[in-house]
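Following: one structure in structure tokens, then a few remarks.
The values are calculated or read from the model by the stated rules, or taken from the named source; none is laboratory data. Note that the coordinates shown come from a computational prediction; the quantities given were computed from them, not determined experimentally. Here Cβ is always computed from backbone atoms with ideal geometry, including for glycine, and neighbour counts include all displayed protein chains. Quick note on the areas: whole protein, heavy atoms, side chains included, nothing else; ligands and nucleic acids left out. Shrake-Rupley method; radii C 1.70, N 1.55, O 1.52, S 1.80 Å.
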Amino acid sequence: MPQPDPYTRPRHVEEPNPFARPSSQSRGSRSYSDDPHPDYYDDHRRSGARHGEDVPTRAAFTDDEPSRRRTRAENDVNATRSRRDDGGRRTRYESHHREHTTHSVADEDPDRPRSRGRRDKSSSVIEPTRESLRRSLGLTAASTVLPGIGLLGAKPRWARLLGVMAPLTFLVCVGAVGYVAVTDFGRLAGLAVNPKTLTIALILVPLGAIAWMLLITATHLLTRPPGMRTGRRTLGAILVTTLTFVIGAPMAVGARYALSSLELVNGVFKPGDDINASGRPELGGPDPWAHTPRLNILMLGADSTAARIKDNNGIYVPRTDTIMVASIDTKTGATTIIQIPRNVQYTPFPAGSKLAKEFPKGFTGDGDSQEWFVNAIWERTVSGDYPKMAEAVGDATYPGAEALKQGIEGITGLQMHYFMLVNIDGLQKLIDAMGGVTVNINKKLPIGGDTDAGIKPHGYLKPGPNQHLDGYHAMWYARGRYGLTDYDRMARQSCLVGAVIRQANPSTLLTSYEAIAKASQDMVMTDIPAEALQPIVQLAVKVKDANVTRLRFSDGENGYTYGNPDFPQMHRAVQAALGITVAQPSASPTPTAPATTAPTSSAPQSKAPSKSSKKTTAPAPSPSATTSAPPAETVSDACAYHPEEEQ
């Protein structure tokens, strides 16, 4: 038997009219507790008002005028409550109506007014308006600009709370990094090479990227209107995918940069406990350079790795043809580059050292004099030709570098704290990774050639200002010496160093960081420990913005003469270039090295003096000569374009 519809008035006539007023009661005082259908009128009234029908209330059964006015007012209120909200969603009154009615949309009056939302013909689900979808897409885009800010437009309370906390945390982190970058950029740069910091960044950057992308996705899912068509769902999915890629791609690049930096640091810079070297300064405390007014780093350029391995039966034994000392003022970053000729003879070692006892007359011995130049110290120490040199430096991690550091201390009078060797092949790759360097070429420079062997160059670098050179041509700019002197080559090498420093700008490092890190890892050998890398990088930031000068020991200048170097006078020239008070020389005569013939344009051919050679004594320089030592010249001025006429 079919069940009666609870919303249809019963049709049996024997039931008394529930609205009939008993004669014994006054108007307005009747009780409706005996109503057999107490919910009928309330439910049907809301349903009728929803469909535009004028359904009377209980008060409509009264015949007084005030009651009829109340009825019309109630009907107006019910009709207003049934309207849709601006977002296209059903109100709680419509929800109640749909839960308690079974009629379909097709049964509705086609002439009644429709709401702003549209209905699907196959169901009663209301399709959202364009305004609601645009709002959702706008909030999703806002979460891309500032992580999670779009969740403020979501309904769940926890989502709105997350919409406050996520962007606030992001802004605090960005503000802290920005403050450090503005107030102490060197500290920020130092943290970028700290192994612990890089490891933390390698973990946090991917996690941060994932969290940001989840916030973008959650914003769209929580704010999009329900019941969207397939086309609009696809549009939202495409937008979310695009925005997450915009955030994820740069974060992935940042993670790769952190990984490249960590590999570079771990591959080049060993822990301090694994390095045995002399001269290392004490670092620590708020100011790591408090006890080190000047940091002296020995910078070396070695022959091509491939060529040296071939010449030494598969073993790489560097010969340091480029020797420079970077003396850095740790307070200001002002740097003086001291260039030392590769063919310095009779190199002295520090007094009291084992090498000084082994070579009391300086680095010299039997055989070809070229094998006793300063650039052969490293090779002599590690090749086994002179075992006593290796014994003199003990169990040093880099015995060749240790011996050469002591030799440079004897030439300059400065303690060498660290060394850094760069091979030619690696420097060429580094310059290529940086996109080349720009230098001024003042005269035609040879590419290749050998003066002694009579081999002519196979090309030339043409003179001109602001010449942009790749790695290969930059190497010949620094190395070319056919028909030229070693001193001219030394001057060009300092210009190349300055050009590399200028090229290492933030845009170059950002766009080519991985290639630069790879080239640096392949070309550098150093005794700088990983623990000292952060304070050194902080100091390097000062160097980039400070003045860079150079002191060049050319034949006949600053106390240096090829056959008769005056090392005390060279010490005073170094002190004058660094702004150190120059001590007055003693009036007693100063012994100097034995005289030999001057070098040729490529290499000297004189023999080393024998033990019975007669020494010559030169008078000590006068005080006036000491105080009138020429100051170091600025690298930018020395490397400016001033073309020279062909000889």
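I'm checking my understanding of the structure. Among residues of the stretch 230-253 that are open to solvent by less than 30 Å² (accessible area, probe 1.4 Å) and either in contact with a strand residue (DSSP E or B) (Cβ under 6 Å, 6 or more places away or on another chain) or not aliphatic (A, V, I, L, M) (or both), which one is farthest from MET525 (Cα to Cα)? Spell out how you get there, then give the answer.
First, pick out the residues of the stretch 230-253 that are open to solvent by less than 30 Å² (accessible area, probe 1.4 Å): 236, 240, 243-244, 247-248.
With either in contact with a strand residue (DSSP E or B) (Cβ under 6 Å, 6 or more places away or on another chain) or not aliphatic (A, V, I, L, M) (or both) added as a condition, the list becomes 236, 244, 248.
On the way: GLY236: 54, THR244: 42, GLY248: 36 Å.
Looking at the filtered set, the residue picked out is GLY236.
If you go through the stretch 156-175 one residue at a time, do you hit one that is in contact (Cβ under 8 Å) with a residue 60 or more places away in the chain and open to solvent by less than 50 Å² (accessible area, probe 1.4 Å)? Spell out how you get there, then give the answer.
Applying the first criterion (in contact (Cβ under 8 Å) with a residue 60 or more places away in the chain) to the stretch 156-175 yields 156, 159.
Retained after the next criterion (residues that are open to solvent by less than 50 Å² (accessible area, probe 1.4 Å)): 156, 159.
Yes, the stretch 156-175 contains a residue that is in contact (Cβ under 8 Å) with a residue 60 or more places away in the chain and open to solvent by less than 50 Å² (accessible area, probe 1.4 Å).
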Here is a list: VAL240, VAL205. Which entry is over 30 Å from VAL268 (Cα atoms) and either of a type in the set (D, E, K, R) or assigned to a helix (DSSP H, G or I) (or both)? VAL240
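What tally of residues in the stretch 475-502 results from selecting those that are of a type in the set (A, V, I, L, M), open to solvent by 20 Å² or more (accessible area, probe 1.4 Å) and within 18 Å of PRO643 (Cβ to Cβ)? Walk me through how you get there before you give the answer.
Restricting attention to the stretch 475-502, the residues satisfying the condition of being of a type in the set (A, V, I, L, M) are 475, 478, 484, 490-491, 496-497, 499-501.
Then drop every residue that is not open to solvent by 20 Å² or more (accessible area, probe 1.4 Å), which leaves 484, 497, 500-501.
Still in the list and also within 18 Å of PRO643 (Cβ to Cβ): 484.
So the count comes out to 1.
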Which condition number in (1) under 26 Å from PRO271 (Cβ atoms); (2) over 29 Å from the mean Cα position of the chain (by Cα) is the one that THR199 fails? (2)
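Mind listing whichever residues of the stretch 179-188 are modelled with pLDDT under 90 and surrounded by fewer than 17 Cβ atoms within 10 Å (Cβ to Cβ)?
We begin by selecting, within the stretch 179-188, every residue modelled with pLDDT under 90; these are 180-188.
Correct list: VAL180, ALA181, VAL182, THR183, ASP184, PHE185, ARG187.
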Among the residues of the stretch 291-347, write down those that are under 16 Å from LYS405 (Cα atoms), small (Gly, Ala, Ser) and at pLDDT 85 or above. ALA326, SER327
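Report, by residue number, each residue of the stretch 365-379 that is open to solvent by less than 40 Å² (accessible area, probe 1.4 Å) and part of a helix (DSSP H, G or I).
Step one: of the stretch 365-379, the residues open to solvent by less than 40 Å² (accessible area, probe 1.4 Å) are 365, 369, 372-379.
Selection gives SER369, TRP372, VAL374, ASN375, ALA376, ILE377, TRP378, GLU379.
Do you know which residues across the stretch 176-202 are part of a helix (DSSP H, G or I), within 19 Å of ALA530 (Cβ to Cβ) and touching a residue at least 40 places away in the same chain (Cβ under 8 Å)? Before the answer, list the steps.
Residues of the stretch 176-202 part of a helix (DSSP H, G or I): 176-183, 185-191, 195-202.
Within this subset, residues satisfying the condition of being within 19 Å of ALA530 (Cβ to Cβ) are 186-191, 195-202.
Within the stretch 176-202, GLY186, ARG187, ALA189, GLY190, LEU191, PRO195, LEU198, THR199, ALA201, LEU202 qualify.
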Looking at ALA396, ALA403, which one is outside any loop (DSSP other than H, G, I, E, B), buried (at least 19 other Cβ atoms within 10 Å of the Cβ) and out of contact with any Leu (no Cβ under 6 Å at 6 or more places or on another chain)? ALA403
Could you grab me the full set of residues in the stretch 330-364 that are open to solvent by 40 Å² or more (accessible area, probe 1.4 Å) and in contact with a Pro (Cβ under 8 Å, 6 or more places away or on another chain)? LYS331
Given the conditions (1) assigned to a helix (DSSP H, G or I); (2) open to solvent by less than 40 Å² (accessible area, probe 1.4 Å), which single one is not true for GLY227? (1)
I want to confirm something. Restricting to the stretch 448-474 and keeping residues that are among the hydrophobic types (A, V, I, L, M, F, W, C) and not in a strand (DSSP E or B), which single residue is surrounded by the fewest Cβ atoms within 10 Å (Cβ to Cβ)? ALA453
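I'd like to check something: does the stretch 150-163 contain any residue that is in contact with a helix residue (DSSP H, G or I) (Cβ under 8 Å, 6 or more places away or on another chain) and closer than 30 Å to VAL537 by Cα?
Taking the stretch 150-163 and keeping what is in contact with a helix residue (DSSP H, G or I) (Cβ under 8 Å, 6 or more places away or on another chain), we get 150-156, 159-160, 162-163.
Next, only the ones that are closer than 30 Å to VAL537 by Cα stay: none.
Scanning the stretch 150-163 turns up no residue that is in contact with a helix residue (DSSP H, G or I) (Cβ under 8 Å, 6 or more places away or on another chain) and closer than 30 Å to VAL537 by Cα.
Tally time: how many residues in the stretch 189-198 are surrounded by 13 or more Cβ atoms within 10 Å (Cβ to Cβ) and either out of contact with any Ser or Thr (no Cβ under 8 Å at 6 or more places or on another chain) or over 26 Å from LYS542 (Cα atoms) (or both)?
Our first condition is that a residue be surrounded by 13 or more Cβ atoms within 10 Å (Cβ to Cβ); within the stretch 189-198, this holds for 189-195, 197-198.
Add one more test, that the residue is either out of contact with any Ser or Thr (no Cβ under 8 Å at 6 or more places or on another chain) or over 26 Å from LYS542 (Cα atoms) (or both), and what stays is 189-190, 194-195, 197.
Going through the stretch 189-198 one residue at a time, the tally reaches 5.
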Filter the stretch 382-393 for residues that are part of a helix (DSSP H, G or I) and over 39 Å from the mean Cα position of the chain (by Cα) and give the result. PRO387, LYS388, MET389, ALA390, GLU391, ALA392
Which numbered condition ASN440 misses (of (1) part of a helix (DSSP H, G or I); (2) touching a His at 6+ places or on another chain (Cβ under 9 Å)): (1)
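If you scan the stretch 204-224, which residues turn out to be open to solvent by 80 Å² or more (accessible area, probe 1.4 Å) and farther than 15 Å from THR140 by Cβ?
Selection gives LEU204, LEU207, ILE210.
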Scan the stretch 417-426 for residues that are surrounded by fewer than 24 Cβ atoms within 10 Å (Cβ to Cβ) and not acidic (Asp, Glu) and jot them down. HIS417, TYR418, MET420, LEU421, VAL422, ASN423, ILE424, GLY426
Consider the stretch 263-300. How many of its residues are of a type in the set (A, V, I, L, M, F, W, C) and in a loop (DSSP other than H, G, I, E, B)? 6
